[in-house]
Structures are given as structure tokens and as C-alpha cells.
């Protein structure tokens, strides 16, 4: 049972721990003093912990189901579920864009002169090919990779704290002002980015019993572990690197590695970043392509995305579609240098999705009160309502947390939300028409 | 009268083993499928081996690669007789499938190849 739990914790934490998390930590530390950022990480983690209880309850109602799509459909119906799912898929692709920027910059810092497009193309092709060939790392290897990532990040963070402050407080280029409440809320909203993906463990239970305790517990344990890892790393980063060098720096981990251990640190942290990118992007690509495949099987996504490889059982066209879209977005983010804008937009979308999932659990308590739940969120109902309503506010604050981006994050999320809503409307009409036709013809029940 | 779940499973096994394309799908994939009805507790085991499916008794139902398929007996009957799209039943939470992503898609693909749905 212990090994099963650790496997789930590794999946949950491994999904969240991406190379772009270092960039977002640097971005957060660029404007506000480290102790407030650590507080923001703790609060964001606490919010995610509360959401994880609701998600655990939803997963216990629908064990093994394809997560968000099933939960939101059961609570809010087909249209709302599809609209949120499309927004969620856009978020996954945008997150891959941020991830691509970070890894490209990391490789550029250790192998100067290497063409960015070639780097990002090679990495994406590697992950897409691995997925298409149906090569899945064994669970023990996944566990080992996550442990290595966590241990390396913690080691560097603790070393940075232990080494003593190399940047005296007075010499920080950006003053360590106490943030306003709005600034803190924006930091909390942005820090949600650091936990994105912990919920992807829910369809992976090995059996129905896992949903009564292990799956909810694994999400909580992963979030608690991530709070410690990010908190320690942020404190270490602040101690060794000037705040002025952090705000626009997508690779603060490399800067820190170089400060602590010279070239060895740079190369070591570059390897860790690559590992983080490969594990999170690989899992994201797998998860998103399975969602697209599911949509195609429902008749929502184009039929060609349901094509699978008979030999491997991999939905090859869905993998290619998600990989291709992510690659294009990565190129756009790299070329425009908008990783912070994209990052806060991703965080804001996830805030909205988490809010929706909490509301879904609350709604299903009313509409399906008698349904079996092997796990129930222990969070009081009033607190669940409060957190669910707080998430959209955090999203708005996060969207305004990059002053130089102006209203672009709002415009981006507005465009994506409108597109998702229209696409959902189109899909509902299309599937509705198809059902009507097939019922008339008597082709399918 | 509707066929019972055991009858549906027997017909399903026959259909899989005689279909010209399903064998390609099963090649190199050798899990033990356990089908469990949540309402009446019926349990059945199907072993996939050498691109063929065979019903096995509980005594032979041990494997390092196993997949559990659960649902109410009517849902299972509809899924294994091709009356209901399993992907739809899975999406709606009426059918539970405990296995890897690859296992889930392979199972779904069998229904797609057999019944085109």
C-alpha cells in the first residue's frame, strides 16, 4: 500500500514540477520580498490542498473517469463542461509554450549559439515520438525521476540558504517593500502555476479502493511536498541572486547554480531543468491527447483525432495535434518573449478551473446526494464556497501582476474563453444534430 | 428477452476471435481482463493471449498485467454486446476501467473495430 501511495504522489508531484516553475518563482521574487513570496506559495498550496479534497471527492464518485470532463459534465451539463475543457486544453498548450521558452533558454545558456527553433523542435519531436511509439517509462523510473527532481531542487535551495547571503539586503536592486493586499493576492494567484497538474493523478487509480483514501491523500502529500520544495528554493534564490536579475529571467535556477557551484552548477541545473521539462511535458502531452481522443470518440473533436496505432494503442493523431499546437505556441512565446504574460494567463485559467471543480463537488452534493462516495471532502461547506469564489478573484489579480504586460493577459484570456465558449456551442450543436440523425435512421441506440 | 451478461461475454469472445482485424490490435498485448458487475457481484475473467481471447475461471485469474472493468450488469451487458459506445459510458462514469492509458484505449479500440462505434 505504501508503494502504491508513493507512486501516486510521484505522479501528482511530477506533473506539477516543471522547468517553467523556476521561471515563475523568479518572476514572483523579482517584485516582492522572499518572505512574502514564501507566504504566497504556502497560501496557494493551501488553496490547492482544499481543492484537492473536492477533486478527491469527485474522483471517488467517478473512479477512473477522465477527470475534469466527467466531473464538470455531471455537475453542469455538456455545454459548460466542454467550454471549460477547451479552456483547460488551451491552458495546457500555453503551459507547453512557457516550458519550451524556459528549456530553450536553458540550453542556450549552456550551449551558446544553438538555434532556438532547432532546440525546441528537437525536444518536442523527441517527446512526440516517444509518445507515438507507445514508450512509457515504468512506474519505478517515473518515481525515481520525480525523487531526483525534488532532491536536486531541495539540495540547491538548502545549499543557497546555508551558504549565507551573497546579496546583502541593502544591495538588492529592487527594494523589499511589504506588498499591498492586492499584490499578495496577485502573488498567490500566480503561485497557483507552481501546483498545476497535481490533479492529473485522479484517472490513474489501480483499483476502486484507491479512491477511498490513497488518491486524495497522494494529492495532499504532493502539494505539501511542493510547498516545501518551492519555499526552500525561493528563499535560497532570494539569498543568492539580486532581485533585479530575477524579474525578467526565465532561468533563475541556472543563475543560482552558477553562483553556487560555477559551471558544474550551471550544467547540473540545466540537466535538472531538462528532466523537469521532459517529465511534465510528456505527461501533459499524454493526458491532453487522451482527452482529445475521448472527445473524438464522443463525436465532439474531428473523427481523425480518434485514429489509433493498432500495434501500440496510442492515439497517434491526437498526440500529433496536441504536440503540433504546443510546438507552435512555444515558438510564438519564444519569439515574442512573452513567457511571463503567458505564465500568469495559465495560472489564471487554472484558478478558474479549480474554482469550477470546487463548485462541481458542491453542486453534486445537492443534485446527487445519494450517490456513493468512498471519500468526502472534510472541508466545511461554507469554506468550500468561500474558496470556490476566491479563485476567480485570484485569477483577476494574477492577470494584473505583470505591469509591463498591461491588459494583454486580460485580452488573451478573454479571447481564449470566448473561443472555448463558441467551440463548445458548435460542438454541442454538432453532436446534437448527429444524435438526432442517427436516432431517426436507427443507426445507433 | 435480453441476453444475460455471461451470454454477451461469450458472444463478445467469439466476435473478437473471428474478426479479421482485431487480431492485429491484440498482438503483443496480453492482459487479464476482470469484468465485475457492481450491482449483483458477478465476476468474469478473460485472458488475452496470442492475439486471442479466452474465458478463464477464477482459479486461473492471476496475471502481472491485469485490467479491471466495472459497472452495473446492464451497462456491462450493453457495452459487451455493442449496444452502447464504451467511450461514452466511460465518460459518463457508468463504466470504470482500471488499467493504463494504453490498456483503456486498446479496449475501446476493440469496440471501435468490432462495431464501428
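Quick notes on this structure:
- Test: residue A:275 is under 20 Å from residue B:90 (Cβ atoms) and either in contact (Cβ under 8 Å) with a residue 24 or more places away in the chain or not in a helix (DSSP H, G or I) (or both): no
- Condition check for residue A:266 on (1) surrounded by fewer than 24 Cβ atoms within 10 Å (Cβ to Cβ); (2) without any contact (Cβ under 8 Å) to a residue 60 or more places away in the chain: one failure, at (2).
- The listed residue being part of a loop (DSSP other than H, G, I, E, B) and either away from every other protein chain (no Cβ under 14 Å) or in contact (Cβ under 8 Å) with a residue 60 or more places away in the chain (or both), out of A:379, A:346: A:379
- Among the residues of the stretch B:44-78, just one is more than 13 Å from chain A (Cβ to nearest Cβ), more than 20 Å from residue B:16 (Cα to Cα) and touching a helix residue (DSSP H, G or I) at 6+ places or on another chain (Cβ under 8 Å), namely B:73.
- Filter result (buried (at least 24 other Cβ atoms within 10 Å of the Cβ) and outside any helix (DSSP H, G or I)) within the stretch A:247-258: A:250, A:251
- Enumeration of residues in the stretch A:109-124 that are free of Cβ contacts under 8 Å to residues at least 60 places away in the same chain and surrounded by fewer than 18 Cβ atoms within 10 Å (Cβ to Cβ): A:111, A:112, A:113, A:114, A:115, A:118, A:122
- Set A:64, A:81, A:6: member being in contact (Cβ under 8 Å) with a residue 12 or more places away in the chain and on the phi > 0 side of the Ramachandran plot: A:64
- In the stretch B:1-15, the residues that are away from chain A (no Cβ under 14 Å) and in contact (Cβ under 8 Å) with a residue 12 or more places away in the chain: B:3, B:4, B:5, B:6, B:8, B:9, B:10, B:11, B:12, B:13, B:15
- Considering A:226, A:217, the condition of being out of contact with any strand residue (DSSP E or B) (no Cβ under 9 Å at 6 or more places or on another chain), more than 14 Å from chain B (Cβ to nearest Cβ) and closer than 30 Å to residue A:255 by Cβ is satisfied by A:226 alone.
- Residue ID - farthest from the chain's Cα centre (by Cα), chosen from residues in the stretch A:197-208 that are touching a residue at least 24 places away in the same chain (Cβ under 8 Å) and facing chain B (nearest Cβ under 10 Å): A:208
- Matching entry among B:103, B:40 (being part of a loop (DSSP other than H, G, I, E, B) and surrounded by fewer than 21 Cβ atoms within 10 Å (Cβ to Cβ)): B:40
- Failed item in (1) more than 14 Å from chain A (Cβ to nearest Cβ); (2) within 27 Å of residue A:62 (Cβ to Cβ); (3) more than 13 Å from the chain's Cα centre (by Cα), with residue B:29 passing the rest: (1)
- Residue under evaluation residue B:18, criteria (1) loosely packed, with under 14 Cβ neighbours inside 10 Å; (2) within 12 Å of another protein chain (Cβ to nearest Cβ); (3) free of Cβ contacts under 8 Å to residues at least 40 places away in the same chain; (4) farther than 24 Å from residue A:64 by Cα, criterion not met: (2)
- Here is the figure for the stretch A:294-336: residues that are farther than 17 Å from residue A:84 by Cα, within 12 Å of chain B (Cβ to nearest Cβ) and assigned to a helix (DSSP H, G or I) total 6.
- Among the residues of this structure, residue A:367 counts as one that is within 14 Å of chain B (Cβ to nearest Cβ), modelled with pLDDT of 90 or more and over 23 Å from the mean Cα position of the chain (by Cα).
- Where helices (runs of 4 or more DSSP H) fall entirely within the stretch A:11-100, those with at least 1 residues that are crowded, with 24+ Cβ neighbours inside 10 Å, within 14 Å of chain B (Cβ to nearest Cβ) and under 19 Å from the mean Cα position of the chain (by Cα) are at A:34-61, A:68-76.
- Failed item in (1) in a helix (DSSP H, G or I); (2) within 7 Å of another protein chain (Cβ to nearest Cβ); (3) surrounded by fewer than 19 Cβ atoms within 10 Å (Cβ to Cβ), with residue B:83 passing the rest: (1)
- Test: residue in the stretch A:270-293 that is over 20 Å from the mean Cα position of the chain (by Cα) and away from every other protein chain (no Cβ under 12 Å): yes
- Leading residue by the ranking (modelled with the lowest pLDDT) among those in the stretch A:152-165 that are under 32 Å from the mean Cα position of the chain (by Cα) and not in a helix (DSSP H, G or I): A:165
- The lone exception for residue B:97 - which of (1) part of a helix (DSSP H, G or I); (2) surrounded by 21 or more Cβ atoms within 10 Å (Cβ to Cβ); (3) at the interface with chain A (Cβ under 8 Å from one of its Cβ atoms) it fails: (1)
Yes or no, residue by residue, for (1) touching a residue at least 24 places away in the same chain (Cβ under 8 Å); (2) buried (at least 19 other Cβ atoms within 10 Å of the Cβ):
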| residue | (1), (2) |
| --- | --- |
| A:374 | yes, no |
| A:391 | yes, yes |
| A:417 | yes, no |
| A:426 | no, no |
| A:429 | no, no |
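- Looking only at residues in the stretch B:108-117 that are free of Cβ contacts under 8 Å to residues at least 60 places away in the same chain and either at positive phi or more than 7 Å from every other protein chain (Cβ to nearest Cβ) (or both), the one that is surrounded by the fewest Cβ atoms within 10 Å (Cβ to Cβ) is B:116.
- Listed conditions (1) in contact with a helix residue (DSSP H, G or I) (Cβ under 8 Å, 6 or more places away or on another chain); (2) within 21 Å of residue B:106 (Cα to Cα); (3) modelled with pLDDT under 90 are all met by residue B:3, apart from (2).
The values are calculated or read from the model by the stated rules, or taken from the named source; none is laboratory data. Model, not experiment: these values are computed from the prediction. As a convention, Cβ positions derive from the backbone with ideal geometry for all residues, glycine included, and neighbour counts pool all protein chains shown.
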